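Right, one structure below, let's go through it.
The values are calculated or read from the model by the stated rules, or taken from the named source; none is laboratory data. In this text the structure is predicted, and so the values were computed from the model without any measurement. When we count neighbours, we look across all protein chains shown, and the Cβ atoms used for this are built from the backbone with ideal geometry, even at glycine.
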Amino acid sequence: MLFAYLCLFSGTLLGFAHLYKYSQKFRKMPPGPVGVPILGYLPFLDVNDLGGSFKRLAKKYGDVFSIRVGTEMAVVLNSYESIKAAFSNPKLLARPDTFMFRFFSQGENGIASASGEKWEVQRKFTHSNLKALGFGQNKMESFIKEEIHELIELLEIKSQGGQPVEIGYDINVSIVNVIWAMITGERKPHHDQKLRDFLTSVNKGIELASTSGILLFMPFLVKIFPESLFGIGKMRKWMKQSYGYLQEVVDEHKINYSPDSQKDFIDAFLTEMKKDGAHPSFNEFQLLVLCSELFGAGGEPTSVTLKWALRFLAENPKIQAQAQAEIESVVGHDRLVDLADRPNLPYCQALMQELIRFADIHPIGVMHSPSEDTELNGFNLPKGTFIFPNFHAVHRDPRHWEKPEQLYPEHWLDASGQFVPHHDGFLSFGVGKRKCPGQEVAQMELFSFVTNLIQKFNFRLTPEDCSPVETSMGCVVAPKPYDLVLEARY
Ligand code: HEM
């Protein structure tokens, strides 16, 4: 009997100690709404518009609030200032250590889902090489131009006789092909079966990633239910397939490797691997995961932004005409628009930035997580908490944008019509040490594609298409496939 009492007593003590520890861990967290057991506040959020749901909650709880999503505790940052302050803090640069991030990083490989020292080393390498390959070489621009030539030819054929065209797939191939060229050193024609198969496997992986999103918020489910319910098995299959394609390319590079000729990203990585004292993370599996991430993290957001951009231009014929007039007066129509024309095309540059802001493809950004308990704005952010930067709230914040709900290139022009590249409140590529390492490449590609496409065509919506386009949820928010009428201008 005494033993039973002792057990009960020590059990109760332990329970209280655990509760105390738990309450201390979440002590001084930002205020926020109360949810229900297990699901937290998830049932009260609009999963198709999390940015909007968070923005509404911020009105009640403030720019920085906390919320339980499923079994995970999260902090949502809703202002430019709080996001900038948080993401400049070295303790807030990690990714959450949960099943999904571990799955994508294949055990701390790649950079997009990785954290810690390995992430730091690999990110530094990737950023500097993307910059060098993107900006430093005329070759990159020549790849983009070849791609634009082929795309224009294709669209000319498809739009003959005023036939509406669904441009999504061809845009996707063109954009991924530029990244393919940067990574592998060669571009492939649109009809190349290997490129198409590779694209299918990358896209399938991205598609499935959104169906398994619930595991982010309730990772315990994967321990209770079969993995197949969340598409994990299929995702493994598609990932394996894309690693298989990449392995073939890496093997070819190894055979043709010469230390004197560094023509692409794979060459640069192989060189780094061969260096004495190279960081152990420079190994072949890391190269495969990294390349695959560059296709996913680079190809998808850029082609989705381009799909939005053409749609917005079709919806705003006056803005389209103004950009066309500027191109006509500076470049004419006997040659393609070059990147070197950028300084002479301030309206087009402003338009491009504005299209990226307005497209708002990552409304709630990409999650970070504190690597240790961290203080922010006087609040405690416990290690492991999810941090959502609400880019949507900032991109539609009237404190930063004169006309937040409109496509308004003038946001990026000064009084004399000159392009101003920096604007507080612009977060499409993130901010701080973890901001997108492909920003320059993406901006270069988007400027070239948009200006050259509108130089050649007028884009219009079909007469039936007058309602706002639906969006599809995923890693990035994309427009549902739509048709455009393309009118050749000369
Ligand atoms: C319009 C196009 C693009 C947009 C809007 C975009 C946006 C972003 C954002 C918001 C992040 C997360 C930043 C953070 O965690 O705080 C990110 C990360 C990343 N992006 Fe981009 N991106 C674009 C294009 C590209 C391109 C072209 C590449 C490469 C070729 C690329 C490679 C990456 C990688 C590797 C990461 C992970 C970085 C890390 O975790 O350290 N992105 N991007």
Condition broken by GLU372, with the remaining ones in (1) away from the ligand (no atom under 16 Å from the Cβ); (2) closer than 25 Å to LYS59 by Cβ satisfied: (2)
Condition check for LEU486: buried (at least 22 other Cβ atoms within 10 Å of the Cβ) and within 19 Å of GLY52 (Cβ to Cβ): no
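Looking at the structure I just gave you, is GLN443 surrounded by fewer than 18 Cβ atoms within 10 Å (Cβ to Cβ) and within 15 Å of the ligand (Cβ to nearest atom)? Show your work before the answer.
Details: surrounded by fewer than 18 Cβ atoms within 10 Å (Cβ to Cβ): no; within 15 Å of the ligand (Cβ to nearest atom): yes.
Judged against the criteria, GLN443 is not a match.
Considering only residues that are under 14 Å from the mean Cα position of the chain (by Cα) and among the hydrophobic types (A, V, I, L, M, F, W, C), look in the stretch 403-444 and name the one that is modelled with the lowest pLDDT.
Looking at residues that are under 14 Å from the mean Cα position of the chain (by Cα) and among the hydrophobic types (A, V, I, L, M, F, W, C), I get VAL441.
Return the residue satisfying two criteria in turn: it lies in the stretch 80-94 and is in contact with a strand residue (DSSP E or B) (Cβ under 6 Å, 6 or more places away or on another chain) and not hydroxyl-bearing (Ser, Thr, Tyr), and of such residues it is farthest from the ligand (Cβ to nearest atom). Give the derivation first.
Residues of the stretch 80-94 in contact with a strand residue (DSSP E or B) (Cβ under 6 Å, 6 or more places away or on another chain): 82-83, 86, 91-92, 94.
This time we only want the ones that are not hydroxyl-bearing (Ser, Thr, Tyr), so: 83, 86, 91-92, 94.
Values: ILE83: 9, ALA86: 10, LYS91: 14, LEU92: 10, ALA94: 10 Å.
Result: LYS91.
Among the residues of the stretch 63-106, which ones are part of a loop (DSSP other than H, G, I, E, B), of a type in the set (Gly, Ala, Ser) and modelled with pLDDT under 95? Working first, answer last.
Step one: filter the stretch 63-106 for residues part of a loop (DSSP other than H, G, I, E, B), giving 63, 70-71, 78-79, 88-89, 93, 95-98, 106.
With the extra rule that they be of a type in the set (Gly, Ala, Ser), the set shrinks to 70, 79, 88.
Within the stretch 63-106, GLY70 is the sole residue that qualifies.
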Residues of the stretch 187-197 that turn out to be touching a residue at least 12 places away in the same chain (Cβ under 8 Å) and surrounded by fewer than 20 Cβ atoms within 10 Å (Cβ to Cβ), as a count: 6
Tally of residues being over 16 Å from TYR408 (Cα atoms) and not polar (S, T, N, Q) across the stretch 346-393: 26
ARG399 being loosely packed, with under 13 Cβ neighbours inside 10 Å, more than 15 Å from the ligand (Cβ to nearest atom) and under 27 Å from GLU81 (Cα atoms): yes
Some residue of the stretch 335-349 being within 30 Å of CYS475 (Cβ to Cβ) and aromatic (Phe, Trp, Tyr): no
Those residues of the stretch 150-185 which are in contact (Cβ under 8 Å) with a residue 40 or more places away in the chain and not in a helix (DSSP H, G or I), in sequence order: SER159, PRO164, VAL165, GLU166, ILE167, GLY185
Near pairs, Cβ below 9 angstrom, 6+ apart or cross-chain, from the stretch 431-448 (over 17 Å from VAL337 (Cβ atoms) and assigned by TED's automatic domain parsing to the domain that holds THR302) to any residue that is acidic (Asp, Glu) and more than 8 Å from the ligand (Cβ to nearest atom): LYS433/GLU120
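Consider HIS422 carefully, then state whether it is free of Cβ contacts under 8 Å to residues at least 12 places away in the same chain and within 30 Å of LYS91 (Cβ to Cβ).
Values: free of Cβ contacts under 8 Å to residues at least 12 places away in the same chain: yes; within 30 Å of LYS91 (Cβ to Cβ): yes.
Criteria met by HIS422.
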Filtered residues of the stretch 110-149 (kept if in a helix (DSSP H, G or I) and either over 30 Å from LEU287 (Cα atoms) or over 23 Å from the mean Cα position of the chain (by Cα) (or both)): ASN138, LYS139, SER142, LYS145, GLU146, HIS149
Residue that is farthest from SER159 (Cα to Cα), among those in the stretch 446-463 that are more than 12 Å from the ligand (Cβ to nearest atom) and part of a helix (DSSP H, G or I): SER448
Check on GLY365, within 26 Å of MET140 (Cβ to Cβ), in the same structural domain as LYS131 (by TED's automatic domain parsing) and near the ligand (Cβ under 9 Å from one of its atoms): no
Any hit, the stretch 455-475, residues being within 30 Å of SER128 (Cβ to Cβ) and surrounded by 15 or more Cβ atoms within 10 Å (Cβ to Cβ): yes
Options ALA321, ALA278: the member that is more than 12 Å from the ligand (Cβ to nearest atom), surrounded by fewer than 21 Cβ atoms within 10 Å (Cβ to Cβ) and not in a loop (DSSP other than H, G, I, E, B): ALA321
Residue selected from the stretch 409-430 under the condition near the ligand (Cβ under 7 Å from one of its atoms) and of a type outside the set (Ser, Thr, Tyr), by the criterion surrounded by the fewest Cβ atoms within 10 Å (Cβ to Cβ): PHE429
Single residue of the stretch 198-237 satisfying the filter (polar (S, T, N, Q) and in contact (Cβ under 8 Å) with a residue 24 or more places away in the chain) that is nearest to ASN48 (Cα to Cα): SER210
Residue list for the stretch 96-150, filter: surrounded by fewer than 16 Cβ atoms within 10 Å (Cβ to Cβ), over 30 Å from ASN452 (Cβ atoms) and within 12 Å of the ligand (Cβ to nearest atom): GLY116, LYS124
LEU351, sole failed condition from (1) surrounded by fewer than 24 Cβ atoms within 10 Å (Cβ to Cβ); (2) within 16 Å of the ligand (Cβ to nearest atom): (1)
